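Below you'll find the structure, written out as structure tokens, and then a few comments.
The values are calculated or read from the model by the stated rules, or taken from the named source; none is laboratory data. As the structure is a prediction and not an experimental result, all values here were calculated from the model. We place every Cβ from the backbone using ideal geometry, glycine too, and count neighbours over all the protein chains shown. For accessibility, only protein heavy atoms count, side chains too; no ligands or nucleic acids. Shrake-Rupley method; radii C 1.70, N 1.55, O 1.52, S 1.80 Å.
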Amino acid sequence: MSDKYTVESFTVDSSDGVKLRARVFKPEGEVKDGSLGIVLVHPYSVLGGCQGLLKGIASRLALYGFTALTFDMRGVGRSTGRPSLTGFSEVKDVVAVSNWFSHTLSLPRILLLGSSAGAPIAGSAVDQIEQVIGYVSIGYPFGMTASILFGRHHKAILQSPKPKLFIMGTQDGFTSVKQLRNKLNSASGRVETHLIDGVGHFQMEGPAYDAEMVDLVIKFIASL
């Protein structure tokens, strides 16, 4: 693990003209995989989700030798446009940023990671981006109430043949362990779950769990 990384800011155009602010975290030491980029998709914009919430994970990935990108979806921070309630407009943002990242930094392989509401949004983008080789979800909101907003995203990730890792706390207030298992029973391709005992949804999104999230992501990458 290095003790240094660099961060650069960029503006990326979405397909409908929205301008998205992105940050690229690059390793300064040894590069673990020069062909792979990791795109992190932040929690629900409407409830204050922003790229800053994923800085801990992105910077730690860079210290471990991986190139990572965080960005503010439409209507967040210095990104233009307006957030949508159901996250379907934001899928375009994930696609635009991933394609830009892949082409600009010559990264033929992309791993998509979505946190909370960012997980269904990233999940809907997985098969729209050719370069995506795998998907990681942190706290996917599969439960009944969350499904009113995000239910129409479920099918895309469950039917995708690409390898998937679902990380969740056993005390997640949006999804029970039973709901998670029931949903993943019908999923295509390789599906892994990692449950963190006794941890709630927002707790797991906090900085205290960044190191554990990064360890799980690195193990998943090694298995691809």
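Here are some notes:
- Probing with 1.4 Å while keeping every protein chain in the model, the per residue accessible area of the chain equals 43 Å².
- For segment 53-155, the fraction of alpha-carbon pairs in successive 5 Å shells from zero, as %: 2, 12, 22, 25, 21, 12, 4, 1, 0
- Couplings for segment 217-224, taken from phi via the Karplus curve 6.51 cos²θ - 1.76 cosθ + 1.60 with θ = phi - 60°, read 5, 5, 5, 5, 4, 4, 8, 7 Hz in order; Gly and Pro are left as x.
- Summing charges over all other residues whose Cβ lies under 15 Å from the Cβ of GLN131, with Lys and Arg as +1 and Asp and Glu as -1, gives -1.
- Working note: 222 nm ellipticity from helices only, DSSP H runs with n ≥ 4, each -39,500 (n - 2.57), summed and divided by the residues of the chain, gives -9500 deg cm²/dmol to the nearest 500.
- DSSP assigns beta bridges within segment 5-222; of those with both partners inside it, close to 35 percent run antiparallel.
- Across the accessible surface of segment 19-132, with the other protein chains kept in place and a 1.4 Å probe, carbon and sulfur atoms take up 50 percent.
- Note on LYS162: lysines with a C-alpha under 26 Å away, same-chain residues under 8 apart excluded, are LYS26, LYS32, LYS55, LYS92, LYS178, LYS183, LYS219.
- Protection proxy ranking, peptides 74-84, 179-189, average beta carbon neighbours within 10 Å, highest first: 74-84, 179-189
- Take every pair of alpha-carbon atoms less than 8 Å apart whose residues are at least six positions apart; their mean separation over the length of the chain yields a relative contact order of 17 percent.
- Averaged over residues, the count of other Cβ atoms within 10 Å places the peptides 53-63, 166-176, 196-206 in the sequence 53-63, 166-176, 196-206, highest first.
- Debye-sum result for the chain in log10 I(q)/I(0), which assumes one identical scatterer on each alpha carbon, at q = 0.15 Å⁻¹: -0.91
- Each semi-axis of the equivalent ellipsoid for segment 1-89 is √(5λ) with λ an eigenvalue of the Cα gyration tensor; in descending order they amount to 26, 13, 10 Å.
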